[in-house]
Amino acid sequence: MNEKKVPFTGEQLESIIAQYPTPFHIYDAKGIVENIRRFIKAFSWAKDFKEYFAVKATPNPYIMRLLQKEGVGADCSSLAELVLCEKVGITGSDIIFSSNDTPYEEYAKALEMGAIINLDDITHIAYIEKHNGRLPERLCFRYNPGSLKEGGNTIIGLPEEAKYGMTQDQIIEAVMYCKDHGVSHFGLHTMVVSNELDINGLIGTAELMFDLALLVKEKTGVEVEFIDFGGGIGVAYKPEQTPVDFEALSAGIKRAYEEKIEGNGHSPISLAFECGRMVTGPYGYLVATAIHRKDIYKHYIGLDACMANLMRPALYGSYHHITVMGKEQAPADHVYDVTGSLCENNDKFAIDRQLPKIDIGDRIVIHDAGAHGHAMGFNYNGKLRSAELLLHEDGRVELIRRAETLDDLFATLDFSKL
Ligand SMILES: *Cc1c(COP(=O)(O)O)cnc(C)c1O
């Protein structure tokens, strides 16, 4: 169970809205910081434990700076994400470049910044050599374990259907080749779960990777120095779900590490995650206003926000909890579809949701919008991306990205040539 609360009072929210009209995204700095501290603390037993924040979740430099102060690095997979790191001052091995299908200019930028390069495919070794002349001293390889049906592994999903990573044989071949071609520091990476709340799936990932490290040592004589478990720690979007217990997750990984790595006399391995969703997801809120109410075959509440501000419900049918401000204690005795304004019938934040009676002008807070919320925004139907605000612990609100204007939308058009 997790109680879906908002980090501001109704009065506080009204004074924020007086300055920044709805819709907007607002992030709770205290929530983000306390959560990431708990996560890092849970892994204090692990050598050089590092969390690389998956920038794609919330690519805002102010959020990245907040995390940087907590010792968090960045997981990037595009040129823009690398440039964001540069602007924030995140460089070198504080960045892991976990890209796929990567144009060389992006590898070049990552190499220039000294980022750890995580190769998605064995052919990318030759690709880097061809363009760069040589390989970096440190390389990481992304593993795709393929079918996990055997072996009693609890990992869900179908890695053999995923475009990412290399096979086991390719990992061995890649290490063999690279150790003779200038690479002296090796890492292994995988990401086989997503939005996972069951710690057994996450611990299973760790077991899989420790086994792979042992195999690499056996086959190549190379001891990998770091393992990155990727992201995938889930968010308890529904009130009846339970957030991941970091302590229990850590204890499970520790047990596997002691058994497999220490137990087999492998040298110590640094451990890392590159979580995005759980870092910011629960601490971001999309705030909107109810502007229309429509009663036909169903009852609709129309918001001033739309799926351009948060597309997870429309795209995946995801549940995002809704609070009607000031009516937190009112009985949820109405059933609504809560909609946006796109000319797309799937532009709905909630379908058949039990909510208190909603009046025009009510402030609607959509929860768990901090990751893949604003970040997935788009301009279809000429919708403008909203502002992003950061709520500090002392109640101060900082504008960390202004709302788009029509001039922004039209910036790539030259009307003078019409
Ligand atoms: C998306 C992604 C992550 C982050 O995943 P979350 O589910 O947000 O934790 C980490 N690594 C890679 C390579 C990714 O693509």
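Based on the Cβ-Cβ distance of residue 48 and residue 168, what FRET efficiency does E = 1/(1 + (r/R0)^6) give at R0 = 35 Å, to the nearest 0.05?
Values: r = 26 Å, r/R0 = 0.74.
Rounded to the nearest 0.05, the efficiency is 0.85.
Quote the accessible area belonging to residue 392 in square angstrom, nearest 10, computed with a 1.4 Å probe and with ligands, DNA and RNA left uncounted.
The accessible area of residue 392 comes to roughly 40 Å².
Considering the chain as a Gaussian network with a 10 Å cut-off on Cα pairs, which listed residue, 57, 332, 248, attains the greatest mean-square fluctuation?
So, out of 57, 332, 248, the one fluctuating most is 332.
If 412, 323 are ordered by their accessible area, calculated over protein heavy atoms with a 1.4 Å probe, which sequence runs from highest to lowest? Each step should come with its number before you reach the end.
Values: 412 130, 323 10 Å².
If we order 412, 323 from most to least accessible, we get 412, 323.
Need one value: the accessible area of residue 353 in square angstrom, 1.4 angstrom probe, rounded to the nearest 10.
Estimated to the nearest 10 Å², residue 353 gives 30 Å².
Could you pull out every residue, at least 5 positions away or on a different chain, whose amide H is within less than 5 Å of the one on residue 141? Hs are placed 1.01 Å off N in the peptide plane, and Pro or chain starts have none.
Amide H neighbours of residue 141, under 5 Å, 5+ apart: 119, 187, 188, 189.
Which entries in 4/41; 298/327; 219/254; 5/41; 5/47 show an alpha-carbon gap greater than 27 Å? Don't jump to the answer; show the numbers that get you there.
On the way: 4/41 24 Å; 298/327 22 Å; 219/254 25 Å; 5/41 25 Å; 5/47 36 Å.
Beyond 27 Å: 5/47.
Could you do me a favour and compute the accessible area per residue for the stretch 110-250, 1.4 Å probe, result in Å²? All intermediate terms of the calculation are to be shown ahead of the outcome.
Working: 6130 Å² over 141 residues.
Accessible surface, normalised per residue, equals 43 Å².
Rolling a 1.4 Å sphere over the protein heavy atoms, what is the accessible area per residue of the stretch 31-95, to the nearest Å²?
For the stretch 31-95, the solvent-accessible area averages 41 Å² per residue.
Can you give the accessible area per residue of the stretch 351-392, in Å², using a 1.4 Å probe?
On the way: 1470 Å² over 42 residues.
Counting only protein heavy atoms, the per-residue value for the stretch 351-392 is 35 Å².
If you bin every alpha carbon distance in the chain into 20 Å steps from zero, what whole percent lands in each bin?
Taking all Cα pairs of the chain, the binned fractions are 25, 52, 21, 1 percent.
Among 366, 122, what's the order by accessible area (1.4 angstrom probe), most exposed first? Please report the intermediate quantities before stating the final value.
Numbers: 366 0, 122 35 Å².
Output order, biggest surface exposure first: 122, 366.
In terms of Cα to Cα distance under 17 Å, which lysines are near enough to residue 109, apart from those fewer than 8 places away along the same chain?
Qualifying lysines at Cα under 17 Å: 87, 130.
Would you work out what percent of the accessible area of the stretch 43-275, with all protein chains in place, is carbon or sulfur (probe 1.4 Å)?
Values: 4580 of 9750 Å².
On the stretch 43-275, the fraction of accessible area on carbon and sulfur atoms equals 47 percent.
Would you mind pulling out the separation of the Cα centroids of the stretch 82-98 and the stretch 171-217, in Å?
22 Å
Pick out, in residue order, every one of the GluC sites (Glu not before Pro) in the stretch 187-249 that is DSSP loop and has at most 12 other C-beta atoms within 10 Å; say none if there are none.
Numbers: sites: 196, 207, 218, 223, 225, 240, 247; in loops: 223, 225, 240.
Passing both the DSSP loop test and the Cβ count: 240.
Given a 1.4 angstrom probe, I'd like the percentage of the accessible area of the stretch 338-411 that is carbon and sulfur, rounded to a whole number.
Details: 1690 of 3440 Å².
Carbon and sulfur together cover 49 percent of it.
To the nearest 10 degrees, how steep is helix 123-132 against the longest Cα principal axis of the chain, on a 0 to 90 scale?
That works out to roughly 90 degrees.
If I model a spin label at residue 11 and residue 416 as a point 7 Å from the Cα along the Cα→Cβ vector, what separation in nanometres do I get?
Label at residue 11, label at residue 416, 5.3 nm between them.
Per residue of the stretch 33-45, what does 6.51 cos²θ - 1.76 cosθ + 1.60 with θ = phi - 60° give for ³J(HN,Hα)? Whole Hz please, x for Gly and Pro, Karplus curve as stated.
Computed from phi, the couplings for the stretch 33-45 are 5, 5, 5, 6, 5, 5, 5, 5, 4, 4, 9, 5, 6 Hz.
On average over all directions, what projected area in square nanometres does the stretch 43-275 have, based on the convex hull of its Cα atoms? The partial results should precede the final answer.
On the way: hull surface 50.3 nm².
With every direction weighted equally, the projected area is 12.6 nm².
What aspartates and glutamates sit close enough to residue 238 to cross-link, taking a C-alpha to C-alpha distance under 14 Å and skipping anything fewer than 8 places away on the same chain?
Of all the aspartates and glutamates, those that pass the test against residue 238 - Cα under 14 Å, at least 8 places apart if same chain - are 3, 196, 368.
Determine the relative contact order of the chain: mean sequence separation of Cα pairs under 8 Å and six or more apart, normalised by residue count, in whole percent. Present the calculation step by step, with values, prior to reporting the outcome.
On the way: 868 pairs, mean separation 77.3, N = 418.
Across the chain, relative contact order equals 19 percent.
Picking from 94, 407, 48, which is most flexible by a Gaussian network model of the chain using Cα springs under 10 Å?
Looking only at 94, 407, 48, the biggest GNM fluctuation is shown by 407.
What ranking of 138, 38, 277 comes out by heavy-atom accessible area, probe 1.4 Å, highest first?
Numbers: 138 75, 38 125, 277 40 Å².
Result, largest first: 38, 138, 277.
If each of residue 299 and residue 376 carries a label point 7 Å out from its Cα toward its Cβ, how far apart are those two points in nm?
2.8 nm
Over the heavy atoms of residue 416, what accessible area does a 1.4 Å probe trace out, to the nearest 10 Å²?
In the full protein context, residue 416 sits at about 100 Å².
So how long is each side of the stretch 305-418 along the principal axes, counting just the alpha-carbon atoms, biggest first, in Å?
Computed over the Cα atoms, the extents are 57, 40, 26 Å.
Lysines near residue 417 by alpha-carbon distance under 25 Å, same-chain residues fewer than 8 away left out - which ones?
383
The values are calculated or read from the model by the stated rules, or taken from the named source; none is laboratory data. For clarity, every value in this text was computed on a predicted model and none was experimentally measured. Positions of Cβ are backbone-derived with ideal geometry, glycine not excepted, and every protein chain shown enters the neighbour counts. Side chains are part of the model used for accessible areas, which takes the heavy atoms of the whole protein and leaves out ligands, DNA and RNA. Shrake-Rupley method; radii C 1.70, N 1.55, O 1.52, S 1.80 Å.
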